[in-house]
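Structure provided below as structure tokens; questions to follow.
Please treat every number below as a calculation from the coordinates, not as lab data. Just so it is clear, the structure is predicted and the values come from calculations on it, not from any experiment. For neighbour counting, all protein chains shown are included, and Cβ atoms are generated from backbone atoms with ideal geometry for every residue, glycine included.
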Amino acid sequence: MAQSSQTTNNDATRPEPTDELRITVLDASNLPQISLSHEGSKAFVTLRVLDQTWGTDVAKRSKNPRWEKEFDLRIKLKVRRGLGFEQLVGAAEVRFEELREKQRQAQDEDSGYVAFDLQMDSSSKPQPSISIRVHRGLTASRPILETAQANLSSARDNIHEMRMRPTLSAVPMGASDAGSSGQDVVKAVASAKEVKAFYETTLASVEGFMKMVDAIADVHPYANAAWTALSAGYKIALAQKDRDDAMSELLESMSTALNLVCRFDKSAWHEDDKDVILQVAKKTNECALFIQDYTRTKSFALRAAKGILSNSGDEIARFKRDFDTLRRNLDAGATISITEGLSEVNDSLYGVEESVKRIEQNVDRAAQTAIIDKLPYADGATWDPEQVCLSDTREALLEDIWQWIKRSDASDGAKIFCLTGVAGSGKSAIAHTVARRCHEEGLLASSFFFSRDVAERNNPRKLLSTMARDLARDPRIREQISLAIESDQSLATAPLSRQFGPLIREPCVRYASSTPLVAVIDGLDEGYSVDLLKLLRDGIPKLPQSFRLFITSREMESIEIYLSKSAHVHLRTIDLGAGTNLRDIRTYTQRGCRSIAEMHHLEESWPGAELSDKLFDMTGGLFQWASVVLQALKLSYDPAVELVTLLAGLRTGLSAEAKMDEIYSKVLRACDWDNLGFKRDYDLVMGAILAAKSPLSVSALHALHPGIPNISKLLFRLGALLTGWRYPNQPVRILHLSLRDFLTARTPNNAPFYICEKDHSQRLGLLTLASLNENLKHNTPGADYLESDSPGIPTISKDQISEELWYACEFWTAHVLELEAPAPTELAELLRTFISARLISWMEVCTSVDTFKGFQQIRVYIQSNFPEDTSLMNDEFKSRLGNALDDISDRLSYMDRREEALLAVQEAVVLRRQLAKDRPVTFNSDLAFSLHDLSNRLSDLGQREEALAAIREAVALRQQLAKDRPVTFNSDLAISLLGLSNRLSDLGQREDALAATRESSVLYRQLAKDRPAAFSLNLARSLHGLSIQLSYLGQQEDALAAIREAVALYRQLANNRQAVSNPDLASSLNNLAYRLSDLGQQEEALSAIREAVALYRQLVKDRPAAFNPVLATSLNNLSLRLSDLGQLEEALAAIREAVALRRQLANDRPAAFNHDLAGSLYNLSIYLSALDHREEALAAAKEAVALYRPLANDIPAVFKSQLVDSLWQLSIALRNLGHEKEAVAAKKESDMLDSPQVPGA
């Protein structure tokens, strides 16, 4: 009961008024007729006050419904109709004072209640009304001292209950308990939202957990995210025990003081004494509330967590001091003034709650960031403040761009500003400047600067993943992207067309910005693809209108083809001869000269008007030309002499390209080409810089060229044309792309500075292969995990491997493939060493650090260039490589990296076909194994026809093998027959599927009889498959018997090895629920599917990508079983969750999951119709039909019947909304498709 804050000195024990009321909603009258098909309405009453809501049950259809429902509340009344969508019938408001007056009336009349009618504001006539009873009160008001005594008693009970709870053990748990607790933690911390459960399950054995935290962090990213919060909790756990002890002592002090006050109250006649008594009683209430809140957290660990952030220990000590002082002063007959107010305690407790929320939010954010970090991020792709335009230059152009960014228009969709220009015209500086200003204004969404010299930035593969990670700075977008990646980890390496929707479009549309959001892309010509250009043309307009994309590029035909005719693209070209451009060039050169003069202690007027004008005239409007000259002057010994030398003999009237070539030649010819050492080292180093697939640092260049004594000195001599050479660990790059073209394509071959990029790329192939042979070891991070029994693939950072070794891992194949015949003999020896000792480790490291890299191209290259050297790739090598590829494919599949898994097993099949062609007796079994896996990988990606072809070939091979050697190969044949059954069933070939699974079950039953430990699991799986196929063909009793046997086997196996068998047990329980339902055993079916869903939810916590699809399936089944028992609301909740999961899966892999989404949408429509959610029901039915149409067209044997059903449901949904014409058309189409004359019917 709420206590009033008003007190008086003349009566310390006066009852305080209550704001709490008991009201009975009796009935209503004169409700209007709303439904055309029913005279009365299903009605209920909603009562609201502030943010609280109460409601009656739904009454039977009537114009005068009756409820007789009691509520304890502060109220505001409304009446609504309760038929599916709620329709407001009428509303009324009543002042709280009026209800209080009714309550007093009941007290004055000594009556239990006062009844009255409340008229509703309504457009219907006569106006509806509700009969209300206001009761006299819940309980009699109590004096404040009595209230304090009651609160004291409650506080005593709370502390007693709290102390009875288990606390932190003073002695650390045993080693076995700690290990068990550590395993529990891995399961408990499956979501950052369960941080509180995390505290409870770990603090009891936290010392053991701390010893194994590193292992746990490797198991699951959430454990790593939450570790900081946990370790802090343990450090204060023992202090919490002291706080609990102090709380008990406080209770004793408070009890003693209050007993004295209550005895003193009987003789308190003076007003001052009464005031003291009242304050003491209120202090007791305050302290009791504090204890109540403190003890509300029953868990010792959670109290400890709150104690980190609050001053509860100080509060306990303060209260105890107050009451100890109070007791002493009362004994002496003195008066006490206690001034601390209840508001301070409430504020403190609110602060504790807010701090705990912040912990949860921070852990949530850390977990989401750990997931988003799986997206590849292009290093060095962002804007650089050192590369922006010089102040007071490009002002007019930059202002035009800024106005375009800020301008709003009525058109839908995002816009593109594409700025083009020749090489050296300063486009990149403009892009950096635009990005900087957008960053300063809080408008920059992302920036990506392409570079032909950087492998991860000379193509668009990392463009969208980089943009997505930048967009994830918004916590709402971060959450959505993390959920998308958690559902499908393959998004990290998926094609641009698949990434764009879940990573860019959907988050930006869902959380559209009210202000411009700008992405900057520079150098499109250096990294574009046709797919990217199509995405810019077709995908960008689907982003919100506030989204802006600023792009720079050289002029190229592809932009004209794909972008020039698009209404959302604004094209603009830099005019080198424009007055504004020339003024900017003059400003740029003048400031550059002033800076050089200051650096070299020259006169302020240097270089003088004549040289300044000549320098300006020779730029030809090219910023890059001016930049090369100024950079050369900075590095020169005498800038005055150097400037005269550089300008001497330069020609005018040249094209932009010719002007750049001329100044490059001028700078390079100044080098000491007569020095043979310099010439040799220049060729090696500049050749490596230009030929490298990704820029190498000074230290990496030195590691690959140990024979060059001082690479840094050489790079200084070339500093006017390079960047990054001053620091050992920064990538060294050419100053501008035009320099590459000059050195490799436009310079004469006999020029001393000519570089043959192809020759140097081939040389790097030999260098990198030699580096791998020397430095790649079994203990290299990411290597040797194929020897482990643990599933999956460890995640290794590039930082754990030296730069030159990772460069070799990533690019050696690209360099070697450029070596033309006749290949050097040195290559053969390097390859021989690599194949025999390093190949498997290389594949392991690449797959751990980045993506799977196959050996197929190198094998073809070796066969072509070394046909006589059979020892390079003999049968033993091919067999060993095939085994490794199969293993890697399985591990990639476990990690839900499905596309990579398919690539690995496809390469294994190619290898084993070659082996089996020459030696079938030896290698046919291996080929069958790889074909079986290939079928599974194809099926995982929805490629049903190809999957069936692969498994047919595997079965044919194993049938022959089993015929010749049944003891050895019957088990292999049985598993492939089960796979064949699944693939046939996927394509609607039910009878053949049943025959295959029957044969598999017979084989496994015999094998399990002889060796139960080895084959019971396989027998259970075959019985599971047999049950499904029997059910498809209407043999329900046999189907139920088969799945019951399978479940029994799975339960027995789960008891022995839970982690291995739980997924199979969950799947079989899902199947069991279907079979029980088919035979009318609905209660048992519901029990089975509930158990399956519970198992899948636990599995999803650890491996969401692997188990979200089957969780969605079990939720779909759960909704059906709930519906069978009339529990429609619960059924609707389950199917909504299934649809949400399947929608995400289908967005990422439509070929694999569109049919599942269609099925769940069909069910959703049915439940929505049953609950009268008509508009939603229609939308779901329409979407189901749209998904089923192409499926039925491709595989009518499987999906035409489902299209028939969905059309039927669509007709019902249309009719429910009065769309009779469309409903008739849908039903007609359904009937026509269901006709026996229609092919496939």
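Going through the cross-link list LYS427/LYS679; LYS374/LYS1200; LYS963/LYS1009; LYS777/LYS1101, which pairs have a Cα-Cα distance over 29 Å in this structure?
From the list (LYS427/LYS679; LYS374/LYS1200; LYS963/LYS1009; LYS777/LYS1101), the Cα-Cα distance tops 29 Å for LYS427/LYS679; LYS374/LYS1200; LYS777/LYS1101.
Which entries of LYS693/LYS798; LYS542/LYS1182; LYS614/LYS666; LYS659/LYS713; LYS634/LYS666 have Cα-Cα distances beyond 18 Å here?
Violating the 18 Å Cα-Cα cut-off are LYS542/LYS1182; LYS659/LYS713.
A follow-up question, please. Students often get this wrong, so check it: of LYS462/LYS534; LYS415/LYS462; LYS60/LYS102, which have C-alpha atoms separated by over 19 Å?
LYS415/LYS462; LYS60/LYS102, as the Cα separations exceed 19 Å there.
Can you work out ³J(HN,Hα) from phi for every residue in the stretch 788-799, in order, using Karplus 6.51 cos²θ - 1.76 cosθ + 1.60 and θ = phi - 60°, giving whole Hz and x for Gly and Pro?
So the J values, rounded to whole Hz, are 8, 7, 5, x, x, 9, x, 9, 10, 8, 4, 5.
Just to check I understand the Karplus step: with θ = phi - 60° and J = 6.51 cos²θ - 1.76 cosθ + 1.60, what whole-Hz values come out for the stretch 454-470, glycine and proline as x?
Karplus values, whole Hz, x for Gly and Pro: 10, 4, 7, 10, 9, 8, x, 4, 9, 4, 6, 5, 5, 4, 4, 5, 5.
Follow-up question, since we're still on this one. With θ taken as phi - 60° and the coefficients 6.51, -1.76 and 1.60, list the Karplus ³J(HN,Hα) couplings across the stretch 594-606 in order, rounded to whole Hz; mark glycine and proline as x.
Rounded to whole hertz, the list is 4, 5, 5, 4, 5, 5, 9, 6, 9, 5, 4, 7, 4.
Pull up all non-local amide H partners of LEU571: gap of 5 or more, or a different chain, and H-to-H distance under 5 Å with H placed in the peptide plane.
CYS418
Once amide H atoms are placed 1.01 Å from N in the peptide plane, what residues at a sequence separation of 5 or more from GLY55, or on another chain, have their amide H within under 5 Å of its amide H?
The answer is LEU47.
Would you order LYS634, LYS534, LYS427 from fewest to most other beta-carbon atoms within 10 Å of each residue's own beta-carbon?
Listed from fewest to most nearby Cβ atoms, that is LYS534, LYS634, LYS427.
How big is the equivalent ellipsoid of the stretch 1126-1241 along its three axes, where each semi-axis is √(5λ) from the Cα gyration tensor, reported in whole Å from largest to smallest?
Taking √(5λ) for each Cα gyration eigenvalue gives 22, 20, 11 Å.
For GLU1130, GLU876, GLU70, GLU907, which order do you get if you count the other beta carbons within 10 Å of each Cβ and list the fewest first?
By the 10 Å Cβ count, ascending: GLU876, GLU70, GLU1130, GLU907.
Sort SER836, SER1001, SER451 so the one with the fewest other Cβ atoms within 10 Å of its own Cβ comes first.
So the residues, fewest neighbours to most, are SER836, SER451, SER1001.
Follow-up question, since we're still on this one. Within a Cβ distance under 12 Å of TYR861, other residues only, what is the Lys/Arg minus Asp/Glu net charge?
-1
Using only Cα atoms, what Kirkwood radius does the stretch 676-755 have, in angstroms?
Across the stretch 676-755, the inverse of the average 1/r is 12.7 Å.
Can I ask one more? If you take every residue apart from ASP784 with its C-beta less than 15 Å away from the C-beta of ASP784, what net charge results, scoring Lys and Arg +1 and Asp and Glu -1?
0
Amide H of THR552: which non-local residues (sequence gap of 5 or more, or other chain) have their own amide H closer than 5 Å, using H built in the peptide plane?
Here LEU419, ILE521, ASP522, GLY523, LEU524 satisfy the definition.
So what is the orientation-averaged projected area of the stretch 874-958, using the convex hull of its C-alpha atoms, in nm²?
Reported value for the Cα convex hull: 4.9 nm².
Around VAL667, with a cut-off of 14 angstrom between Cβ atoms, what is the net charge of the other residues, counting Lys and Arg +1 and Asp and Glu -1?
Residues near VAL667 contribute +1 overall.
Given the options VAL520, GLN480, LEU496, identify the residue whose Cα lies farthest towards the positive end of the charge dipole of the stretch 418-568 (+1 on Cβ of Lys, Arg; -1 on Cβ of Asp, Glu).
After comparing all options, I get GLN480.
Using the per-residue mean of other Cβ atoms lying within 10 Å as a proxy for protection, in what order, highest first, do the peptides 924-931, 739-746 fall?
Most protected by this proxy first, the peptides run 924-931, 739-746.
What residues from the stretch 640-664 fall in the zone where the backbone N is under 17 Å from a label point 7 Å along the Cα-to-C-beta line of ARG746?
Residues 650-664 fall inside that zone.
Could you please tell me the mean projected area of the C-alpha convex hull for the stretch 579-669, averaged over all directions and given in square nanometres to one decimal?
Mean projected area for the stretch 579-669: 5.5 nm², to one decimal.
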